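Everything below concerns the one structure shown next.
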Amino acid sequence: MRVLKKIGIAVAFLLLARYFPVIYYANEFNAFVKNEAQRTRIGAQLRQSLLQQASIYFLPVKPDDIRIKDDGDLIRVSVDYHVPVNLFMFTHELSFHATGAGLAAH
């Protein structure tokens, strides 16, 4: 019984160690997307800033994952990306969606 309990604790620790950094960095990036969409008023600069920040957070965001829509006075950004989590025996892919909006440049 003790052996099973130790194996269960080891598996739980392994899963936590693999998933926690991905979820943490994804949440940080999602907050960055919201803030940056409000701050940056030009679509090209916004895309470049998001790609740079995603690489800092080790997130595999590609330029095609970022959609920027300029609706006159409002700029909207949406980022859909997938992060693979290596669990040794197989790879699980987590999906994330980040959005933000701000005033567009005139």
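FYI, it's all coordinate maths here, none of it is from the lab. Nothing here was measured: the structure is a model prediction, and the numbers come from that model. Cβ sites come from the backbone with ideal geometry, for glycine too, and all protein chains shown count toward neighbours.
Brief remarks follow.
- Rounded to the nearest 10 degrees, the angle from helix 43-56 to the longest Cα principal axis of the chain is 20 degrees.
- Taking 0.36 nm per residue of sequence separation and removing the Cα-Cα distance, the residue 44/residue 101 pair yields an extension gain of 19.1 nm.
- Placing unit charges on each Cβ (+1 for Lys and Arg, -1 for Asp and Glu) gives the chain a dipole about its Cα centre, and among 95, 58, 7 the Cα reaching farthest toward its positive end belongs to 7.
- Contact order relative to length of region 2-103, as percent, for alpha carbon pairs under 8 angstrom and 6 or more apart: 29
- For the peptides 2-10, 62-70, residues were scored by their other Cβ atoms within 10 Å and the scores averaged per peptide; the highest-first order is 62-70, 2-10.
- For the chain, the convex hull drawn through the C-alpha positions has a volume of 89 cubic angstrom per residue.
- Partner lysines whose Cα lies under 25 Å from the Cα of residue 62, excluding those fewer than 8 positions away in the same chain, are identified as 34.
- Using a Gaussian network model of the chain in which every pair of alpha carbons under 10 angstrom is joined by a spring, one finds that among 46, 94, 14 the greatest mean-square fluctuation is at 14.
- Amide H to amide H distances under 5 Å link residue 75 with 102, 103, 104, where only residues 5 or more positions off or on other chains count and H is placed in the peptide plane.
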